[in-house]
Every structure is written in structure tokens, then in C-alpha cells.
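Down below is the structure, laid out as C-alpha cells.
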Number of protein chains: 2
Amino acid sequence: MDEFELIQRYFSRPAAKAVLGAGDDCAILQTAAGMQLAISTDMLVAGRHFFPGVDPHALGHKALAVNLSDLAACGARPLAFTLALALPQAQAAWLEPFAAGLWALADAHGCELVGGDTTRGPLTLCITVFGEVPGDARAPTRTQALLRSGAQPGDDVYVSGTLGEAALGLQHQLGRLQLDPAVAAACSARLERPTPRIALGLALRGVASACADVSDGLLGDLGHILARSGVGAQIDHAAVLAACPWAGSGINAQMLRDCVLSGGDDYELVFTAPPDLAGAVAAAAQTSGTPVRRIGSIQAQTGLRLRDEQGRVRDHVPIGFDHFASANAQADEVAQ
Amino acid sequence: MDEFELIQRYFSRPAAKAVLGAGDDCAILQTAAGMQLAISTDMLVAGRHFFPGVDPHALGHKALAVNLSDLAACGARPLAFTLALALPQAQAAWLEPFAAGLWALADAHGCELVGGDTTRGPLTLCITVFGEVPGDARAPTRTQALLRSGAQPGDDVYVSGTLGEAALGLQHQLGRLQLDPAVAAACSARLERPTPRIALGLALRGVASACADVSDGLLGDLGHILARSGVGAQIDHAAVLAACPWAGSGINAQMLRDCVLSGGDDYELVFTAPPDLAGAVAAAAQTSGTPVRRIGSIQAQTGLRLRDEQGRVRDHVPIGFDHFASANAQADEVAQ
């Protein structure tokens, strides 16, 4: 199978939304009048972001899901994506399920593959995803996209769905934690097949004052919102813990806490909204069928403070997942 | 140096054209009224597309250049790009010249970095580039971009600049060919610092009937035009050879021929235009300061025919650079 056969067999579909899809030097996209293009790119490296032997169907899903999650965080509607793929070899037994996992999620979100690149090399995936968000008719240089920079003192802080399951699943797979088989299966599914919160992101346009996706851990990603907004926050530890369905199921308390507060790969949304829009937040959760939980509030004083179960408030230094800081043990977790 | 410091130090600049640049979940681009977005992505893997020890300044240039070349082939004006970078380690001695090479070319084309991803892993670069092309006001699903699919029987076939130098440079570096030092330096420069033909691509809008960039070898990339256009071509071997400044300098004739006809990495444009636009082609070459050479003509009969110096016409089976076909020796050339 040569490069062109590979692309033809697994990665070719006629473009529906794009003016021009794959097969030429460039793809051509045209946004609707008044719309802007939201763009995000993520690279996944074998042995770093996933186990080399991971189910290729799940990998196809996850590679696109982590990118769609960035669109969700901006309140963008998915349009299209490109896929660059380095493979040690072109094997149908791997490519077929990988492509199936990728297409299933792409189709579910009407996101079409418009181009890419394949080459031989250490297994690496790089997807760039494109979504549409309304511009601001009064100011062409502004946007209606949800940004990290709009949080205001007094805003409530919310998180969607559940937290910590992906990190618990990883700890289990690494043998550092023994989970019951049913819990392990649920957590591994969240690790390997995250759900990008596209519908919630769309419903939060005009409601959330700031938004980010939880890819590097709740407190780390909330920290990005705080930094870009120039504010601080107080987070209620019990409320965050309650976002993990396995809290109270006998998992080591420190491990649970670390996974929920700082574990990566949740791909939930953390966002802020003024208290008078609490009803609109609830309506967005309802419309999108996505649970949403209030976990704290934005404060003028910078920094992140955690209020524990006993009502004590302590400063927290947010540390997210960093791919280069050797001090962070997580950075080498998946590495063989 | 952690991931955020690395991005901050080497890859952060305020966005000028983008509504929103790096630092949020997505970048936001807004095309001008009536304009479409041309998108291309390329992945470069150490040991495959470049020697691991290559000058990082040259690598920064080339990683962006090969993507800009795709915009040139579509007649698109560069706007922005994203960079995903897997690095074995974060070393200032490597990152600083790499970033300098990247920025120098980006600034020369007004192409701004709007986002990206950095991670630890085998040295791999994935750039996705965005350019602007006019849409077709009469039909929103059409484009004024130069495509591979518009060549018509009777059209002339042209190529820009010089051919074969990059491939000669590679053969020299691999020790398969002994070039004079001055020739070796010129050829290595073309291999390591290709020139994307942006100005020519823009000047050819409305003139060229089809266009592609020469990344995988002249005959292979012309073959893509022929396949997408449903036509054939006859190419004049002597005219193509004359596009190599080192023809006649004593280089082995077979090696020279292979490098000129099928060598990769030239990043010139191969394009077609009707004979009555020959003056417009010459004007585009003049305007853009890019030499252009007629090398043959499009024919209704499919297939590619080469007319040799003695006037004999022979069929040619185009073989380009394929990253998976083991029969193609080039595919493993750079691999260690």
C-alpha cells in the first residue's frame, strides 16, 4: 500500500461543506457571512499521550476529540479538520479501525476531513480543526467566541460533566491504583474516548464570561482563565470532589484528590458566568444534555484558593500538565 | 524551561491580522468579505524529511517554506499558521535559531503564528498554514484559487525557477555524488532553504489553468495535475534539463536526469496556461521576479510523454516521492 492508496482507501470522502476538500495543494473553506473561523491544533505522540498498543479505534476517536474539545471551549461549531499522520508502517489492521474511530466522531459532529499529510515515522498524529463562530457585527476585530479572558470578580465558576475519571483510569492502567473492574472500565473509557462538549459550548455563547477545556487538569486550566482575565478564584473542594462519580467508593483520598483537581484528559469545560445568568447556565446545561456544577467563584484578588470540607481556605499553586517540566511526574507517565 | 516558558520565550508575538492569536483554546481568523481560506498542512519528521543534525535555523525556514509553497500553488496570500512541535528536549541552543529561521520567513510573508502545541517526543514538526484567495462572487461554492484540475489540451506547461538542485544537494550529502564545493553549497542551500513562490502564485491567478508545487519531483507533481484534469502531456526533456543550472557541468547524466525530472524538494511551481496567455505568463514572471520556462504542452491523450534530445517521444510512468512504497529508494534516503 503506497501513500496515495492509503489516503484513497482510508481518508478520502467528498467534501460537503468545504469549497474544496482533500486532493489539491490546499483545501478551501468559506465561512458564512458574519462568521469567523476558530482554529486549534493538537499533536499526539505515541508513548507520551497514548500507549503505543492502544486500541486504534479509540485513538482515532481521541485524536479528533481533543481538538473538538478546543472548539467546544470557544463555543465554535465544527466545520472541518486536517490530519497529519506519521506511521512506522502502513498496516490495514491498524489503519482501518483508526479511520473508523475518527470518522465516527467526525460524522457525529458534521466535521469533514479536508486535507492532510501522511509519512513514515514514529507514530504521531497532528490534527488541526476548524469551527465557525459569529463575529461581532459592530466591530470586525471582535468575536462572539468564548475566550479565557472574560472572567469578572463575582462570577460563578462551573465545570461540566465529571472530573478525575480519565486520570484514575490512567493510574489504574499504570498499576498504581487498583480499581474495581466496573470502575476501571468506566474510567478507561473516559481516558480513551473523551466526549467533546460541543453542544454545551454552543449553548454557552452569550452566557459564559470565560471558558476553557479541562485537558491539563481542572486547576491548571482554570488557572489559564484566571491569568488571562487578571482575576483570582475560590474553589469549593467538596463541590469539585462531587464531580467525580467514584468519590466515596474507597479510592485513596490523596490519589482521588490529585486526579480530580489536577488530573488531565477530562475534556470537560470549566467556565464562568455572572450570578444573574445562573438560570441561563442551567438552561444551557438542559439544552445540551450536559450536567453542569457550580464549584466556586471569581475574586478580584489574584491566585487560586481552595476551601476544604472544614471551611478552611488555603492558597493553591496551580500546576497543570507540562510536557517539559521534569518536576512533573505526569510528564513521563505514559512514556515507556 | 517548561512548556509555557518555551512558548512564551520563542513562539509568542501579538497577532496583527488574526482576531485572536495564540494563548486561548482556539485562534480566531476572519477573512475579508468575498475571500476564502486556503489551508494546507505538512508534517516533517527527523530522519525522514531532514537530517536530525540539520542547522535548526534552516529547519525553521524549511518547515514553514514547504507549507507556504502549497499556498503559492493555489495563488493564496499567506495569513497565518499554527505550529505543533514534538521535541526530545527543550534546549535554548536549538530553539533559538529554529525560531529565528521560522520568524524570518514568516515576517517576509506577513504570515503570523496564531497557535500551536508543544510536547516532548521524537523531533517532529507539523505546520498548518492559512492563506486568503478570492471566492467567485457568482457562485459561492466556487473559488479563484489555482487548482490542479483545470489543465486543458493545448495548454502550455511551465515550470518556475530551477529544478534538481535540492535533489543533487541531497545526493551529495549522502555521499552518492561528488559536487564541486561551490555547486554543493548552492544545491545544499536549495535543499535546506527552499523559496516558496508566493509572488508568482499570486501573479498567476486568472492566468494559469492549473498549478501545483514541485515537492515530490517534477513529473510526479505534473502527474497530479494530469490526473485531476483528466489529460496527458508531452514534455521536452531538453527544456526541463535546461532548468537545472548545473546541467553540462560534468555531473553524471543519469543522476542529473533523475534529480531534475523526479527529485523532490524543489518547491517550484509547475503550471499550465493556454497559449494565448503566454504574454500574461511572461508578465506574471516579470512582476514576481521569478524565472518561468515552457517545458511542454497538455494533450488530450492521458499519460505523460517525454521528447528526448533526438526528438524521440517515449511514454513515462511518473513516480513521485512516496513515503510508504518500499520500491522507491528515495523513501528511505534520509532515514538513518
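Values quoted throughout were computed directly from the atomic coordinates according to the rules given, and no laboratory measurement underlies them. None of these values were measured; they are calculated from a predicted model. As a convention, Cβ positions derive from the backbone with ideal geometry for all residues, glycine included, and neighbour counts pool all protein chains shown.
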* Can you give the helix-only mean residue ellipticity at 222 nm for chain B, where every DSSP H stretch with n ≥ 4 adds -39500 (n - 2.57) and the sum goes over all residues, rounded to the nearest 500 deg cm²/dmol? -> -10000 deg cm²/dmol
* To do: Scan around B:E112 for amide H atoms under 5 Å from its own, H built in the peptide plane at 1.01 Å from N, and keep only partners 5 or more places away or cross-chain.
  => B:A80, B:F81
* Asked: If you plug each phi of the range A:36-41 into the Karplus form 6.51 cos²θ - 1.76 cosθ + 1.60 with θ = phi - 60°, what whole-Hz ³J(HN,Hα) values come out, in order, with x for Gly and Pro?
  -> 10, 9, 9, 10, 9, 9
* To do: Hey, for a label at B:D308 modelled as a point 7 Å past Cα toward Cβ, could you say which residues of the range B:250-273 have their backbone N under 17 Å away?
  => B:252-262
* Gyration tensor verdict on the range B:69-137 (Cα atoms; rounded if a/c is under 1.5, prolate if a/b is larger than b/c, oblate otherwise) -> prolate
* To do: Evaluate the relative contact order of the range A:3-136 (contact order divided by residue number), counting alpha-carbon pairs under 8 angstrom at least 6 apart; express in whole percent.
  => 40 percent
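Suppose a student asked you for the relative contact order of chain B, using Cα pairs under 8 Å spaced at least 6 residues apart; what percent would you report?
Values: 752 pairs, mean separation 72.1, N = 336.
Relative contact order of chain B: 21 percent.
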* If you take every DSSP beta bridge whose two residues both sit in chain B, what share of them, in percent to the nearest 5, is antiparallel? -> 75 percent
* Structure fact -> As a percent rounded to 5, the proportion of antiparallel DSSP bridges among beta bridges in the range A:75-218 is 60 percent
* To do: Tell me the Kirkwood hydrodynamic radius of the range B:156-314 in angstroms, computed as one over the mean inverse distance between distinct C-alpha pairs.
  => 15.8 Å
* Taking chain A as a Gaussian network, where each spring joins two C-alpha atoms under 10 Å apart, which residue of A:A58, A:A199, A:A189 fluctuates the most? -> A:A189
* Please build a GNM for chain B, connecting alpha carbons under 10 Å apart, and tell me which residue among B:I295, B:I28, B:I127 fluctuates the most. => B:I28
* **For the range A:255-277 and the range A:59-93, distance of Cα centres in Å** => 23 Å
* Asked: Under a GNM of chain B (C-alpha, springs under 10 Å), which listed residue has the highest mean-square fluctuation: B:A186, B:A108, B:A18?
  -> B:A108
* For B:G47, distant residues with modelled amide H under 5 Å away -> none
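Rounded, prolate or oblate: pick one for the protein assembly as shown, where a ≥ b ≥ c are the square roots of the eigenvalues of its C-alpha gyration tensor, a/c under 1.5 means rounded, and failing that, prolate if a/b is larger than b/c, else oblate. The partial results should precede the final answer.
Values: a/c = 2.23, a/b = 1.85, b/c = 1.21.
Cα axes put the protein assembly as shown in the prolate bin.
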* Structure fact -> Exposure-ranked with fewest Cβ neighbours within 10 Å first, B:T272, B:T82 stand as B:T82, B:T272
* To do: Identify unpaired cysteines across chain B, taking unpaired to mean no other cysteine Cβ lies under 4.7 Å from the residue's Cβ.
  => B:C111, B:C187, B:C211, B:C244, B:C259
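Express as a percent, rounded to the nearest 5, the fraction of DSSP beta bridges in the protein assembly as shown (both residues included) that run antiparallel.
Working: 96 of 126 bridges.
About 75 percent, rounded to the nearest 5.
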* **Calculated FRET efficiency for the pair B:D136/A:R13, C-beta based, R₀ 25 Å, to 0.05** => 0.60
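Would you work out if chain A is rounded, prolate or oblate? Take a ≥ b ≥ c from the square roots of the eigenvalues of the alpha-carbon gyration tensor; rounded if a/c is under 1.5, else prolate when a/b is larger than b/c, oblate otherwise.
Values: a/c = 2.10, a/b = 1.24, b/c = 1.69.
Oblate, since a/c reaches 1.5 and b/c is not below a/b.
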* Given a Förster radius of 30 Å and the C-beta distance between B:D55 and B:M1 as r, what FRET efficiency does 1/(1 + (r/R0)^6) yield to the nearest 0.05? -> 0.90
* In whole angstrom, note down how far apart the Cα centers of the range B:102-152 and the range A:128-176 are. => 26 Å
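Kyte-Doolittle mean at least 0.0 and Cα extent at least 20 Å along the axis: which DSSP H helices of chain A qualify? Can you show the working numbers first?
On the way: long enough: A:56-74 (28 Å, 0.57); A:92-108 (24 Å, 0.94).
Those that pass (Cα extent of 20 Å or more, hydropathy at least 0.0) are A:56-74, A:92-108.
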* Asked: Taking B:K17 as the anchor, which aspartates and glutamates have their alpha carbon closer than 14 Å to its alpha carbon, excluding any fewer than eight residues away along the same chain?
  -> B:D107, B:E112, B:E132
